[in-house]
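The structure appears below as structure tokens.
The values are calculated or read from the model by the stated rules, or taken from the named source; none is laboratory data. All values reported here derive from a predicted model rather than from experimental measurement. Methodologically, a virtual Cβ is constructed for each residue, glycine included, from the backbone with ideal geometry; neighbour enumeration extends over all protein chains shown.
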Amino acid sequence: MNNAKMWLVVKPTVGIPMFLTAVAIGSFAVHVAVLTNTSWVSDFLQGKPLGSGDGAVTSMLSDEVPSLPLYAPGDAGTA
Amino acid sequence: MSNDPDKVWLTGLTLKEAEEVHSYLIDGTRVFGLIAILAHILVAVSTPWLG
């Protein structure tokens, strides 16, 4: 109860809404950061099953990738 | 800062009243924190969050 003395100089009608607003803004910002820095939430909201992105990444990292052509030959010169 | 329990401060509160306000705030923070911990455990178990 050491910090209780703050209410002797800060009106609770001002300090408590400020505290709750700070908590709300802080937690909202963290959740927005998670949403914007990951893809699985938007994938899930698009109807893709959770974890399906793991398979896509694994297939990209598998041994089959080096066998793919490094470039797609165009049809320049044939026309 | 005076510790006179009957002194009325700028905010109109006495030390005892300030401690009562603070106790409710602490209780609310604890309940919020427990619910948040539970919610985060559920999300960590059921989604790819945290890998």
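Determine whether A:Lys48 is modelled with pLDDT of 85 or more and either away from chain B (no Cβ under 13 Å) or within 16 Å of B:Trp49 (Cα to Cα) (or both).
Details: modelled with pLDDT of 85 or more: yes; either away from chain B (no Cβ under 13 Å) or within 16 Å of B:Trp49 (Cα to Cα) (or both): yes.
For A:Lys48, the condition - modelled with pLDDT of 85 or more and either away from chain B (no Cβ under 13 Å) or within 16 Å of B:Trp49 (Cα to Cα) (or both) - is met.
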*From A:Met18, A:Met6, grab the single residue that is away from every other protein chain (no Cβ under 11 Å) and in a helix (DSSP H, G or I).*
A:Met18
*Do the conditions hold for B:Trp49, that is, is it closer than 20 Å to A:Asn3 by Cβ, aromatic (Phe, Trp, Tyr) and facing chain A (nearest Cβ under 8 Å)?*
no
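From the list B:Ser2, B:Ser23, B:Ser46, pick out the single residue that is farther than 17 Å from A:Lys11 by Cβ, without any contact (Cβ under 8 Å) to a residue 12 or more places away in the chain and surrounded by 12 or more Cβ atoms within 10 Å (Cβ to Cβ).
B:Ser23
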